[in-house]
Amino acid sequence: MEDFEIIELFISRDERAVAEIKNKYGGICRSVALSMLRSPEDAEECVNDV
């Protein structure tokens, strides 16, 4: 799904928006958090907070 489509979901308050953004960017967010925090648990918590 393209970014503009995800934005449209957010604008229309569609609950699928969160799942779509997690599918698209969750992996890279997790990777960055893990490289900085060096703890899988802390990285996962950080990603969930974001």
Restricting to the stretch 1-33, give me the number of residues that are part of a helix (DSSP H, G or I) and within 14 Å of the chain's Cα centre (by Cα).
22
Unique residue being touching a Phe, Trp or Tyr at 6+ places or on another chain (Cβ under 7 Å), without any contact (Cβ under 8 Å) to a residue 24 or more places away in the chain, of a type in the set (A, V, I, L, M, F, W, C) and surrounded by 14 or more Cβ atoms within 10 Å (Cβ to Cβ) when the list is Ala33, Ala17:
Ala17
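Laboratory data are not the source of any read-out in this text; all were calculated from the coordinates shown. These figures come from a predicted structure and were not determined experimentally. Cβ coordinates were reconstructed from backbone atoms using ideal geometry, including for glycine residues, and neighbour counts include every protein chain displayed.
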